[in-house]
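Take a look at the structure below.
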Amino acid sequence: MPAAAPGAGAAAITQFSNGAPARGRLAATAAATALRTGVAQRLLRARASISVAPGVGDADLPDLVLSHHLARALELPRADLAVRVGAARPNGKPVVQVSAPGGRVVAFGWNDLTRALVAAEADALRELAASRPAAFAVPELLHAGDWDGLAVTAVLPATGGRSHVSPEPPPEATRELALGAAVERGPLGASTWWQALRARIEMAGGEEQRAAAGRIVDAFGDRGLAFGRGHGDWTPWNKSVVEGRLVVWDWERAAAAAPVGIDAAHYCLLVALNARGLARDEAVADTLARAPRVLAGLDVPSADARLIVVLELLEMSVRFAEARAAGVAGLRDRFGVPLAALLEGRYDGGEPS
């Protein structure tokens, strides 16, 4: 957080705690108060300074220092940056909060594993802003461009909202997400989504994922599926209800033609694992049991529900392979083992807990 800008630091701590459990939000409120009163600055003495070489002029600073680049791009007199580095995961990245003088939050920026994901975020926000979904809104895109060889996407954050965690995804928003744009139907193996997934597996060198994909295409390659708009990380911690309207962010893995239902399966699985605290096998079984009912709201036949869960597990396993190939250490793929078990006929899909 910026030591010289207590308002920006306090805003960052509060904003980054959105969606956290009550204990975490209380801790964030206390830390923000300590920053505003100057207590934290006296207790937390560690500092990191960013300097430029002597003789560098003001006109050169935007090309050298990210805060100056964003101040110019967002037309601010000064940009104060707060950076959060989360736990290691395939989508793990530093998240930069940009504040104007006085602590007013202006934007969030992402710097992910690849330039393609950052550019996809901006492209998805442009498309959704033009189509104006009825059941949900998206953040305003403030800036998208390049800086020092990196892709930068800045969006207006959703502030003052509340998150809502439930075992199953919001039905109206999930339906409009998947079916609200162009929908195509065709064999899984011939789809652009499947071809792109296979290419990602090859790029990542994922041997286990390659084997699983081979089994899937052998068994289901001719199965006709519907393909519609996808978010890629459809979870409650990427949503907030602001003034009665659902706002959805993190569109970096958005796709124009993803299997209809894969976002819903992703929601059920990730909530079971991360929010409800179920063990891996329990979470997969719970998702399998919920899938026919949840996917019925997306016009997905119950006969395809198990396949959709299989595709979700493969997609998530591929993301771990991509992260490892990009040099992210310390990751444990939670999805490859249950994927193999499901393909071998295990998991009976009992009643959801």
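Points worth noting:
- Qualifying residue in the stretch 190-201 (condition: buried (at least 16 other Cβ atoms within 10 Å of the Cβ), among the hydrophobic types (A, V, I, L, M, F, W, C) and modelled with pLDDT under 95): no
- Test: P301 is more than 15 Å from P170 (Cα to Cα), touching a helix residue (DSSP H, G or I) at 6+ places or on another chain (Cβ under 7 Å), without any contact (Cβ under 8 Å) to a residue 40 or more places away in the chain and not hydrophobic (A, V, I, L, M, F, W, C): no
- Long-range neighbours under 7 Å by Cβ, at least six apart or interchain, first residue on the phi > 0 side of the Ramachandran plot and assigned to a helix (DSSP H, G or I) within the stretch 252-268, second open to solvent by 10 Å² or more (accessible area, probe 1.4 Å) and at pLDDT below 95: none
- No other residue among G297, G261 is of a type in the set (G, A, S) and open to solvent by less than 10 Å² (accessible area, probe 1.4 Å) apart from G261.
- Selection within the stretch 218-236 - of a type outside the set (G, A, S) and either in a helix (DSSP H, G or I) or crowded, with 18+ Cβ neighbours inside 10 Å (or both): D218, F220, L225, F227, R229, H231, D233, W234, T235, P236
- The residues listed here are R332, R319, R306; of these, the one that is out of contact with any Leu (no Cβ under 8 Å at 6 or more places or on another chain) and open to solvent by 40 Å² or more (accessible area, probe 1.4 Å) is R332.
- Residues within the stretch 118-159 that are more than 25 Å from L61 (Cβ to Cβ), open to solvent by 60 Å² or more (accessible area, probe 1.4 Å), charged (D, E, K, R) and touching a strand residue (DSSP E or B) at 6+ places or on another chain (Cβ under 9 Å), tallied: 4
- Residue that is farthest from S166 (Cα to Cα) [pool: residues in the stretch 220-240 that are modelled with pLDDT of 95 or more and hydrophobic (A, V, I, L, M, F, W, C)]: F220
- Residue in the stretch 168-187 that is outside any helix (DSSP H, G or I), open to solvent by less than 50 Å² (accessible area, probe 1.4 Å) and more than 19 Å from A135 (Cα to Cα) present: yes
- In the stretch 1-113, counting only strands (runs of 3 or more DSSP E) that sit wholly within it, the ones holding 1 or more residues that are at pLDDT 80 or above span 80-85, 94-99.
- When each of A289, A283, A275, A255 is tested for being over 26 Å from A190 (Cβ atoms), open to solvent by 10 Å² or more (accessible area, probe 1.4 Å), of a type in the set (G, A, S) and under 21 Å from the mean Cα position of the chain (by Cα), the lone residue that passes is A275.
- Qualifying residue in the stretch 293-307 (condition: aliphatic (A, V, I, L, M) and either part of a strand (DSSP E or B) or on the phi > 0 side of the Ramachandran plot (or both)): no
The values are calculated or read from the model by the stated rules, or taken from the named source; none is laboratory data. Remember, it's a predicted structure, so these values are computed and weren't measured experimentally. Every residue, glycine among them, receives a Cβ derived from its backbone with ideal geometry; neighbour counts consider all protein chains shown. When the accessible area is computed, the model is the full protein with side chains, heavy atoms only, and any ligands, DNA or RNA have been set aside. Shrake-Rupley method; radii C 1.70, N 1.55, O 1.52, S 1.80 Å.
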